[in-house]
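Asks: Before I ask anything, here is the structure I am working with.
The values are calculated or read from the model by the stated rules, or taken from the named source; none is laboratory data. Model, not experiment: these values are computed from the prediction. Don't worry about glycine lacking a Cβ; one is built from the backbone with ideal geometry, like all the others, and counts go over all protein chains shown.
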Amino acid sequence: MSTPPIAFGAGPLSRAAALVHTLLTVEALLLLTAAPGFAALLFLGTDPGSMPLAALCLLPLGPALSAAVYALHHRGRDLTDLHPARAYLRGLRLNALPALKLFTPLLAWLTVIAFTLTRFAATELPGWWAALLGTIGVTLLLWGAHALVLTSLFAFRARDTARLAAYFLLRHGRATLAAASLLVLAAALTALLTEALPALLAAPLLLSLLHTSRTVIAETRKDFTV
């Protein structure tokens, strides 16, 4: 008995091509959305005093990341039915304001921590304060990773998203560790090569974050949505 032929657009090569097309489209749209802020960063110096302005320049990145997560989550697998740009724009329309409500305070706290650490010698604080601030900063970034996934895929109030993200930090330790590994990878790419590389690889990094957040997404859908 002969095996029925695979429909065009449904084979493994077609799925791979669909994934590449989606990643490239989402990456381009993400960079386009965040481009005004990235362009402004080029005119800022490396002085720590410019950190607040740098944080303002990075604000468009929050909605861009959220829209990208939404588009990657709703990506099509069929090569003949791909609409990544449409999904990205829909995610941007739905999630821009919710993402800013979470991304703005996160960025503010990270800016305060980074500014303090760069001027730490002048504060005359004990060394363990630096370690504490570093730990808080990393925890905030991991919380932000969970919050990004939740606010991109679910329509919760900002305070409920914040609580769920904190809850999942320990509830799903594997997902949190996976997010930590992605942060380490992004930091290594920045330190060893160029700070632009994580931005250029944002789409595959976000797809990896989605993949490792499957348990978080499943539990949220099961226990916290109607």
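Asks: Does G76 qualify as being in contact with a Phe, Trp or Tyr (Cβ under 8 Å, 6 or more places away or on another chain) and either closer than 18 Å to A203 by Cβ or not in a helix (DSSP H, G or I) (or both)?
Replies: no
Asks: Can you name every residue in segment 210-225 that is in a loop (DSSP other than H, G, I, E, B) and not β-branched (V, I, T)?
Replies: Across segment 210-225, the qualifying residues are S213, F224.
Asks: Just to verify a result, which residue in segment 30-56, among those that are modelled with pLDDT under 95 and among the polar types (S, T, N, Q), is farthest from L153 (Cα to Cα)?
Replies: T46
Asks: Could I ask something else about it? Does H73 satisfy being within 23 Å of A162 (Cα to Cα) and not hydrophobic (A, V, I, L, M, F, W, C)?
Replies: Here the answer is yes, as H73 does meet what is asked.
Asks: Okay, next question. Free of Cβ contacts under 8 Å to residues at least 24 places away in the same chain and touching a Leu at 6+ places or on another chain (Cβ under 8 Å): which single residue out of L133, L30, L72 fits that description?
Replies: That would be L133, the only listed residue that is free of Cβ contacts under 8 Å to residues at least 24 places away in the same chain and touching a Leu at 6+ places or on another chain (Cβ under 8 Å).
So that you can scan it fast, the table gives a plain yes or no per residue for (1) charged (D, E, K, R); (2) modelled with pLDDT of 95 or more; (3) under 20 Å from A187 (Cβ atoms):
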{"residue": "L97", "(1), (2), (3)": "no, yes, no"}
{"residue": "L102", "(1), (2), (3)": "no, yes, no"}
{"residue": "L106", "(1), (2), (3)": "no, yes, yes"}
{"residue": "F115", "(1), (2), (3)": "no, no, yes"}
{"residue": "A122", "(1), (2), (3)": "no, no, no"}
{"residue": "G127", "(1), (2), (3)": "no, no, no"}
{"residue": "L140", "(1), (2), (3)": "no, yes, yes"}
{"residue": "F154", "(1), (2), (3)": "no, yes, no"}
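Asks: Of the numbered conditions (1) exposed (fewer than 12 other Cβ atoms within 10 Å of the Cβ); (2) in contact (Cβ under 8 Å) with a residue 12 or more places away in the chain, H211 satisfies every one except a single condition; which is it?
Replies: (2)
Asks: Just the residues that are within 19 Å of L59 (Cβ to Cβ) and surrounded by fewer than 15 Cβ atoms within 10 Å (Cβ to Cβ), please, taken from segment 81-103.
Replies: Passing the criteria: R93, L97.
Asks: For A122, only one of the following conditions fails: (1) in contact (Cβ under 8 Å) with a residue 24 or more places away in the chain; (2) out of contact with any helix residue (DSSP H, G or I) (no Cβ under 9 Å at 6 or more places or on another chain). What is its number?
Replies: For A122, the failing item is (1).
Asks: Just one of the numbered conditions (1) closer than 23 Å to A68 by Cβ; (2) surrounded by fewer than 17 Cβ atoms within 10 Å (Cβ to Cβ); (3) not hydrophobic (A, V, I, L, M, F, W, C) is not true of T161; which one?
Replies: Unmet for T161, out of (1) closer than 23 Å to A68 by Cβ; (2) surrounded by fewer than 17 Cβ atoms within 10 Å (Cβ to Cβ); (3) not hydrophobic (A, V, I, L, M, F, W, C): (2).
Asks: Would you kindly identify the helices (runs of 4 or more DSSP H) lying entirely within segment 116-209 that contain at least 3 residues that are under 19 Å from the mean Cα position of the chain (by Cα)?
Replies: Result: 127-153, 158-171, 173-192, 197-200.
Asks: Taking the stated definitions as given, is L59 at pLDDT 85 or above, of a type in the set (A, V, I, L, M), surrounded by 13 or more Cβ atoms within 10 Å (Cβ to Cβ) and over 18 Å from A203 (Cβ atoms)?
Replies: yes
Asks: Please verify whether segment 63-77 includes one or more residues that are out of contact with any strand residue (DSSP E or B) (no Cβ under 9 Å at 6 or more places or on another chain), modelled with pLDDT of 95 or more and over 20 Å from V20 (Cα atoms).
Replies: There is at least one residue in segment 63-77 that is out of contact with any strand residue (DSSP E or B) (no Cβ under 9 Å at 6 or more places or on another chain), modelled with pLDDT of 95 or more and over 20 Å from V20 (Cα atoms).
Asks: Among the residues of segment 192-208, what is the count of those that are within 17 Å of S152 (Cα to Cα), among the aliphatic types (A, V, I, L, M) and touching a residue at least 40 places away in the same chain (Cβ under 8 Å)?
Replies: The number of residues fulfilling the criteria is 4.
Asks: Could you tell me whether any residue of segment 119-128 is acidic (D, E), exposed (fewer than 13 other Cβ atoms within 10 Å of the Cβ) and at positive phi?
Replies: Looking through segment 119-128, at least one residue is acidic (D, E), exposed (fewer than 13 other Cβ atoms within 10 Å of the Cβ) and at positive phi.
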